[in-house]
Amino acid sequence: MNRFLCLALGVVLATAAMPALAAPPAQAQREIDRLITALGQSGCQFQRNGSWYDASAAQAHLRKKYDWLVKRDMVASAEQFIERAGSQSSISGKAYQVRCNGRPAVTSASWLNARLAEIRRAPTP
């Protein structure tokens, strides 16, 4: 067998052995989407790596990080999303901050966890 064919066969076999990626459970997807939307509509500012961004930029950033996690099958709950995407920079390791309406900044983890608690308390439409 020529070298190219061996390489191609190896890639096919390796790919076949990989588990299929599963999307997070529907409940987790809804909660995460509501968290990201809540941040985007909050009017708050979001700090990452020392710079403040508006809510819509924060929403786009967290959506991108969420999509990255989903592609790697690394998120199965809203709590995992907060821990793995919404709490700190993947690059610097610095905690994200959220600042709303002139109030002192809080960690994004505490802000997102508070929103998650509100989401879970609210009646389902």
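The values are calculated or read from the model by the stated rules, or taken from the named source; none is laboratory data. In this text the structure is predicted, and so the values were computed from the model without any measurement. Reconstructed Cβ throughout: ideal geometry from the backbone, glycine too, with neighbour counts over all protein chains shown. Ligands, DNA and RNA are excluded from the accessible area calculation, which covers all protein heavy atoms including side chains. Shrake-Rupley method; radii C 1.70, N 1.55, O 1.52, S 1.80 Å.
Brief remarks on what is shown
- Per-region count, the range 27-69, residues surrounded by fewer than 19 Cβ atoms within 10 Å (Cβ to Cβ), free of Cβ contacts under 8 Å to residues at least 40 places away in the same chain and farther than 14 Å from VAL98 by Cα: 12
- All told, GLY93 falls short of being part of a loop (DSSP other than H, G, I, E, B), open to solvent by 60 Å² or more (accessible area, probe 1.4 Å), out of contact with any Asp or Glu (no Cβ under 6 Å at 6 or more places or on another chain) and over 16 Å from GLY40 (Cα atoms).
- Taken together, ALA76, ALA85 contain a single residue that is under 15 Å from ILE32 (Cβ atoms) and either free of Cβ contacts under 8 Å to residues at least 40 places away in the same chain or assigned to a helix (DSSP H, G or I) (or both), which is ALA85.
- Any hit, the range 111-120, residues being at pLDDT below 95 and closer than 20 Å to GLY43 by Cβ: no
- For the range 6-40, a residue qualifies if it is outside any helix (DSSP H, G or I) and either of a type in the set (S, T, N, Q) or modelled with pLDDT of 95 or more (or both), and exactly one does: PRO25.
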